[in-house]
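Asker: This structure is in structure tokens; I'll ask about it shortly.
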2 protein chains.
Amino acid sequence: MDHYVRIFDTTLRDGEQSPGATMTSAEKLEVARALAKLGVDVIEAGFPAASPDDLEAVRRIAIEVGNSAHGARTPIVCGLARASRSDIDKAWEAVRPAARPRVHTFLATSEIHMQYKLKMDREQVVDRVVEMVGYARSLCEDVEFSPEDAGRSDPKFLYLVLGEAIKAGATTLNIPDTVGYTTPDEFGALIAGILKHTPGIDNCIVSVHCHDDLGLATANTLAGIHAGARQAEVTVNGIGERAGNTSLEEVVMALHTRRLIYNLTTGIDTTQLVRASKLVSNYTGIVVPPNKAIVGANAFAHEAGIHQDGMLKHQLTYEIMRPEAVGVTRTRLVLGKHSGRHALKARLSELGYTLSGAELDKAFERFKALAEKKKTISDADLEALVADEFYQPREVFTLDGLQVTCGTMGMPTATVRLRAPDGQVHTQAAIGTGPVDATYKAIDVIVQAPNTLLEFSVHSITEGIDALGEVTVRIQGKNGARQLDPQRETEHARTFGGHGADTDIIVASAKAYLAALNRLLIASGKFGEGERSSVSGAKVR
Amino acid sequence: MDHYVRIFDTTLRDGEQSPGATMTSAEKLEVARALAKLGVDVIEAGFPAASPDDLEAVRRIAIEVGNSAHGARTPIVCGLARASRSDIDKAWEAVRPAARPRVHTFLATSEIHMQYKLKMDREQVVDRVVEMVGYARSLCEDVEFSPEDAGRSDPKFLYLVLGEAIKAGATTLNIPDTVGYTTPDEFGALIAGILKHTPGIDNCIVSVHCHDDLGLATANTLAGIHAGARQAEVTVNGIGERAGNTSLEEVVMALHTRRLIYNLTTGIDTTQLVRASKLVSNYTGIVVPPNKAIVGANAFAHEAGIHQDGMLKHQLTYEIMRPEAVGVTRTRLVLGKHSGRHALKARLSELGYTLSGAELDKAFERFKALAEKKKTISDADLEALVADEFYQPREVFTLDGLQVTCGTMGMPTATVRLRAPDGQVHTQAAIGTGPVDATYKAIDVIVQAPNTLLEFSVHSITEGIDALGEVTVRIQGKNGARQLDPQRETEHARTFGGHGADTDIIVASAKAYLAALNRLLIASGKFGEGERSSVSGAKVR
């Protein structure tokens, strides 16, 4: 058995399915680029049957990331499909432009899912698997099959279904603990049993896909790998429905830190872990708590005392990983008001953003404005600035001006000036319970897109009271767009996120809300399709 | 072997050691009350040798929670001590007033810790353990001993040290994986080995204490319990240094949900889990991400579709725990502007807050003011209001007025009026990079307490744009108070947190900053000791 564990990242599919994690196509492309840079083996880029937008987002990733100059490390680009011809056709259409495309189809095999969700018996399930895996294989050389809810399925039935899937052409067999129910001992035994009893399994890759409902996703994944699985399905920061999926960074660093026990390697460049974590947290608005393993702000926190004696050996008394190994850098202050265009371009390029021409001009202008207010500009500031400037939805309404008065005397008042899609400028004043409420009420009068604010959060990106504030909001349209869930076969109201950064948190709040509203308006179809494309994407067009 | 697993909560000791998690004595007492209500068996209330304040906080918990009317369920109150007479004396002084006191002492047993930190050889370590465990036992019937960094210690040496500790009088032997290095198989084997080879272990409780550096704390804890440990050391939300400790809620719910596998019980009232989680998150300012197992906002997120068919059986296809089992309630709207004093008192009492007289008047006044602005008041609103009103540090400077202007035209300006400890009122205007910066600069001119702002975050407590905003800040004084770390034997600069709630987030920001500044000033000793006591504490005095 080989010693290489393939990292299958499903941040863009299972991760994006979690409430509020909706990303724009441009953001998805940027995450896919970061995943390629991180060195993942497979990018599950989405569920193309969900909507034409979803299909197009996967296709763009297949074209722009699945064919890039990564050489032997070009990731496989994978699309999810339910076990139906129509879904498989759409997944194939989306991933086909990639150098190494994969179609991933699934069907539930647990009694509870077969009985209550599928309303099919065992024989019908086997027939459908054989038919659909065979159909996918007739289109694509690389086919992955998942028996959904495998963790609660009868192992003997699993051996049978998987054996038939192999005969029908599946090349990777993924074993999901869909509801996060198993313990490491159970899950390891399940994988060992599958490897032992499934006919033809020797020529396939066995994969594991765990959920964290009981806090055991990482341990279960490692137990599965230890038992012989050679692909791990994971997400950055462990995002995903409910308690989320297995966290990429935990599995990779456990294999790395305890390599004497596991004797396995991955293709991950661990120094990119923190950057990928921040990118995904920014785009999804899903916070990473300070006590998150590997990528949390405190994961490597050192107190003053321990550094003072400066002994490397001494550090190891409380540190099992080097912060540098996961991309935590100690130098944070990089640019100031006297830094020029060249320095900005060089630093952005080191951070992975390739800007030139008008885009660089725009970024430099914002950089100078920020440097006027703030003494030192950190990498985090730059990343927030680039995200705020370039990863916004296509603007339907734009913020033209904002003036706010608030305080303990009550009567917080906001005056908002917006430019409408027809070019007309609207000005509106409103009173609210606070400055953000007043601002949002004034915007609502102009934009007229009824919605519910589900979430509002602000954090300062950097230390110090002059920090850039970043605001994340999540809204749900009333009578708005609906989204198809591949597993539950149900549609649910779509939520839209927006973020904005500014040293003035009320301005940042207005920007974030407008970004979310613009997404809602675009999804409603009244204002055309598409979004402004990404920074580095601009080079490819 | 019995089937009962003791839950030893160290939120107030190991959890509070994490950067920024510093709580006031009143907050600690409130957390201790919540832990007692949750049904934990042991509350590790702090490290009394750290400072007289820490000793006093533990003592108050011993008196007010360790003797309360919980009957047979009155928790053991435990204090941590390094292996020295002075530490043990202080721990004993602090926990002595409890009905069931425990002293917990520790000494490192791994080669790396003995060599570089302790600078002691094995023989010296054994001698010290025997002496100090014996000394602790001469004071207290219930003595716990931990061989620090046991996860990286030579098992044979562990058997020897533990055997000697038992002879010297230890009643509980706790095995910490201090640096979060072990895998579940290793840790389970370590516990099994200790149970098999340690002389006299049959009459003791073996305990496990894991850290989450590789994301394996819950799995390691369960592996240790499965191997025979009967006490688990955990924290609410898994807070703690670096990646944190084992999460209480994950261990408890894994044992509960998979009881057919583990065949073990705990004394935890699981319906209190979400409430305890929120309380700790509020007081420490350490966020719980939406994808946190058991207590995250999405852990039980259901999309509309799945509820529409209303079938309980169907829900089980994606749900392995009932939300009600952990205290997630579906009804969130409780009170409105027409609700009276009685309704407020009743609801607060259901939430666990016993207010009367002047305190209830004050709460009712704030409730009415909020109800004027906001149509419906949820439990979360009420809890934020109570926290904001009653769990503040003793006020040194108080906010008398605030007026702010900001927006896209730049020049954000704040005018602040503060009342100083001498009763004098100071008014100051300042310009900043944003409204919060301007406000903080104006406050700084008046208060004159140089500090660094380490963290600033805002979240809306409830859905809707008229929500209460809660701001959390964390500051570090320049040349300020220092705090002793029991394990590293180093002191580090103390950080101070503050939170404030208001429908106006700039007002909430000012309150939060003032709360943190007041804590810093009190700790500097210039403005006397102590804090305003807690709500329900008022009944006991």
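Asker: Distance from the Cα centre of region B:504-526 to that of region A:244-283, in angstrom?
Answerer: Cα centroid of region B:504-526 versus Cα centroid of region A:244-283: 39 Å apart.
Asker: Applying 1/(1 + (r/R0)^6) with R0 = 25 Å to the Cβ-Cβ distance of residue A:322 and residue A:354, what FRET efficiency is obtained, to the nearest 0.05?
Answerer: Working: r = 29 Å, r/R0 = 1.17.
For residue A:322 and residue A:354, the calculated efficiency is 0.30.
Asker: Ok, one more. Kirkwood Rh over alpha-carbon pairs of region A:342-403, then Stokes-Einstein at 10 °C and 1.306 mPa s: what D in µm² s⁻¹, rounded to an integer? Don't jump to the answer; show the numbers that get you there.
Answerer: Numbers: Rh = 12.6 Å.
The calculation lands on 126 µm²/s.
Asker: Same structure, new question: Using Cα positions and a limit of under 17 Å, work out the lysines in reach of residue A:478, with same-chain residues fewer than 8 apart set aside.
Answerer: By straight Cα distance, residue A:478 reaches A:441, A:526.
Asker: Pairs to check: B:28/B:362; B:337/B:368; B:345/B:368. Give those whose C-alpha atoms are more than 18 Å from each other in this structure. Please list the in-between numbers first.
Answerer: Numbers: B:28/B:362 23 Å; B:337/B:368 6 Å; B:345/B:368 13 Å.
Long pairs (Cα-Cα over 18 Å): B:28/B:362.
Asker: To the nearest 20 Debye, how big is the dipole of chain B about its Cα centre, given +1 on the beta carbon of each Lys and Arg and -1 on that of each Asp and Glu?
Answerer: Working: 59 positive and 68 negative charges, 219 e Å.
Charge dipole of chain B: 1060 debye, to the nearest 20.
Asker: About the Cα centre, and with charges only on the beta carbon of Lys, Arg (+1) and Asp, Glu (-1), how big is the dipole of region B:137-257? Nearest 20 debye, please.
Answerer: Numbers: 7 positive and 17 negative charges, 72 e Å.
Its charge dipole is roughly 340 debye.
Asker: For region A:85-103 and region A:40-83, what is the separation of their C-alpha centers, rounded to whole Å?
Answerer: 8 Å
Asker: At a Förster distance of 22 Å, what's the computed FRET efficiency of residue B:424 paired with residue B:362, Cβ-Cβ distance as r, to 0.05? Please report the intermediate quantities before stating the final value.
Answerer: Working: r = 25 Å, r/R0 = 1.12.
For residue B:424 and residue B:362, the calculated efficiency is 0.35.
Asker: Return the calculated 222 nm mean residue ellipticity for chain A, to the nearest 500 deg cm²/dmol, obtained by summing -39500 (n - 2.57) across DSSP H runs with n ≥ 4 and dividing by the residue count.
Answerer: Numbers: 18 runs with 204 residues, N = 541.
Helices in chain A give a 222 nm mean residue ellipticity of -11500 deg cm²/dmol.
Asker: When the Kirkwood radius is taken over all Cα pairs of chain B, what Stokes-Einstein diffusion coefficient follows at 37 °C and 0.692 mPa s, in µm²/s? Mind dumping the intermediate values first?
Answerer: Details: Rh = 24.6 Å.
Result for D is 134 µm²/s.
Asker: How long is the gain from residue A:341 to residue A:260 if the chain were fully straight, where each residue apart is worth 0.36 nm and the alpha carbon distance is subtracted?
Answerer: Net length gain for the segment: 24.4 nm.
Asker: So how far apart, in nm, are the two label points at residue A:3 and residue A:141 if each is 7 Å from Cα heading toward Cβ?
Answerer: 2.8 nm
Asker: Okay, next question. Can you compute the modelled spin-label distance between residue B:369 and residue B:124, with each label point 7 Å from Cα toward Cβ, in nm?
Answerer: It works out to 6.0 nm between the two label points.
Asker: Binning at 5 angstrom from zero up to the longest distance, how are the C-alpha pair distances of region A:162-243 distributed in percent?
Answerer: All Cα pairs, binned at 5 Å, distribute as 3, 17, 28, 22, 16, 10, 4, 0 percent.
Asker: Given the alpha-carbon gyration tensor of region A:131-290, what are the semi-axes of its equivalent ellipsoid in whole angstrom, ordered largest first, with each equal to the square root of 5 times an eigenvalue? All intermediate terms of the calculation are to be shown ahead of the outcome.
Answerer: Details: eigenvalues 149, 61, 50 Å².
Working from the Cα gyration tensor, I get semi-axes of 27, 17, 16 Å.
Asker: Enter the per residue convex hull volume of region A:88-137, computed from alpha-carbon coordinates, in Å³ rounded to the nearest integer. Each step should come with its number before you reach the end.
Answerer: On the way: hull volume 3.7 nm³, N = 50.
Here the figure is 75 Å³ per residue.
Asker: Stokes-Einstein diffusion coefficient for the protein assembly as shown at 10 °C in a medium of 1.306 mPa s, Rh from the Kirkwood formula over Cα pairs: what value in µm²/s?
Answerer: Details: Rh = 30.0 Å.
In µm²/s, the coefficient is 53.
Asker: Okay, next question. Mind checking the alpha-carbon convex hull of region B:131-210 and giving the volume per residue in Å³? Present the calculation step by step, with values, prior to reporting the outcome.
Answerer: Values: hull volume 6.2 nm³, N = 80.
Cα-based convex hull of region B:131-210, divided per residue, equals 78 Å³.
Asker: How large is the dipole of region A:38-164 about the Cα centre if only Lys and Arg carry +1 and Asp and Glu carry -1, each at its Cβ, rounded to the nearest 20 debye? Working shown, then result.
Answerer: Details: 16 positive and 21 negative charges, 27 e Å.
The calculated dipole for region A:38-164 is roughly 140 debye.
Asker: Distance between the C-alpha centers of region A:406-433 and region B:175-218? Whole Å please.
Answerer: Rounded to whole Å, the Cα centres lie 60 Å apart.
Asker: Suppose R0 equals 51 Å; then what is the FRET efficiency for residue B:297 and residue B:167 from their Cβ-Cβ distance, rounded to the nearest 0.05? Each step should come with its number before you reach the end.
Answerer: Working: r = 50 Å, r/R0 = 0.98.
Rounded to the nearest 0.05, the efficiency is 0.55.
Asker: Rule-of-thumb check for region A:10-52: C-alpha Rg over 2.2 N^0.38 Å? Write out the running numbers ahead of the final one.
Answerer: Values: Rg = 10.3 Å, N = 43, 2.2 N^0.38 = 9.2 Å.
So region A:10-52 has a normalised radius of gyration of 1.12.
Asker: Next up: Using the reciprocal of the averaged 1/r over all distinct C-alpha pairs, how large is the Kirkwood radius of region A:333-374 in Å? It would help to have the intermediate numbers written out before the result.
Answerer: Working: mean 1/r = 0.0967 Å⁻¹.
Over region A:333-374, the inverse of the mean reciprocal pair distance is 10.3 Å.
Asker: If you build the Cα gyration tensor of region A:366-430 and take the root of 5 times each eigenvalue, what three semi-axes come out, in whole angstrom, biggest first?
Answerer: Working: eigenvalues 142, 88, 18 Å².
Listed largest to smallest, the semi-axes of region A:366-430 are 27, 21, 10 Å.
Asker: Along the charge dipole of region A:133-215, pointing to its positive end and built from +1/-1 on Cβ of Lys, Arg, Asp and Glu, which listed residue (A:173, A:199, A:136) has its Cα farthest out?
Answerer: It is A:199.
FYI, it's all coordinate maths here, none of it is from the lab. In this text, all values refer to a predicted model and were calculated from it rather than measured experimentally. FYI the Cβ positions are ideal-geometry reconstructions off the backbone, even for glycines, and counts take in every protein chain you see.
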